[in-house]
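Quick notes on the structure that follows.
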Amino acid sequence: MTDRKKISPLIDINNLNENELVDLNNRIVERLRFLNTARAHVKMLEFKIGDEVFFQSYRGVTEGIIVKYNKKTVSIVTSGGQKWTVAPSLLTRKKAATKVRIIEGVSVQADPAYGS
């Protein structure tokens with residue numbers, strides 16, 4: 001049992017009238033919507049505008065670039081100009097292309113984590 005459950009009072013719904021039940025239902029639905037929005041927002045922060053991503057659509061794997069954050073989704077534009085609105089939980093970031101630099105005649109791969 002968590003500390004939260006110890007503190008929270010239990011509600012005996014058998015003793016609630018119809019108006020109280022409707023109010024309780026509305027509060028539960030509102031809380032669930034808030035949690036869903038918060039979860040989507042946290043997932044959305046894993047991506048940046050301009051990130052190359054892909055996702056599974058009814059057409060197969062679709063690739064594109066994130067162009068906009070929405071309230072619970074992101075807008076993506078494909079190379080063909082198609083616009084998609086997708087939940088961030090369905091996205092996968094494409095692997096960053098590893099940059100290769102030539103330094104004094106020697107090929108050196110840059111670590112994409114350092115943005116070299």
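Net charge near Glu20: determine it from the other residues with C-beta under 15 Å of the C-beta of Glu20, scoring Lys and Arg +1 and Asp and Glu -1.
That sum, taken over residues with Cβ under 15 Å, equals -2.
If the only charges are +1 at each Lys and Arg Cβ and -1 at each Asp and Glu Cβ, what is the size of the charge dipole of the stretch 3-42 around the Cα centre, to the nearest 20 debye? If you can, show how the numbers build up before the last one.
Values: 7 positive and 6 negative charges, 77 e Å.
In total the dipole reaches around 360 debye.
To the nearest 0.05, what FRET efficiency results for Val29 and Ile49 with a Förster distance of 22 Å applied to their C-beta separation? Kindly include the intermediate steps, with their values, before the conclusion.
On the way: r = 32 Å, r/R0 = 1.44.
That pair, Val29 with Ile49, gives E of 0.10.
So who's got an amide H within less than 5 Å of the one on Asp51, skipping anything under 5 residues away but keeping other chains? H placed 1.01 Å off N, in plane.
Ile66
Please compute the length gained on full extension between Glu18 and Asn36, using 0.36 nm multiplied by the number of residues separating them and subtracting their Cα-Cα distance.
Working: separation 18, 0.36 × 18 = 6.48 nm, distance 2.69 nm.
Separation in residues times 0.36 nm, less the Cα-Cα distance, equals 3.8 nm.
Each value in this text was obtained by applying a stated rule to the coordinates, not by laboratory testing. Everything numeric in this text was worked out from a predicted model, so none of it was measured. Ideal geometry is used to build each Cβ from the backbone, glycine not excepted, and the neighbour counts take in all protein chains shown.
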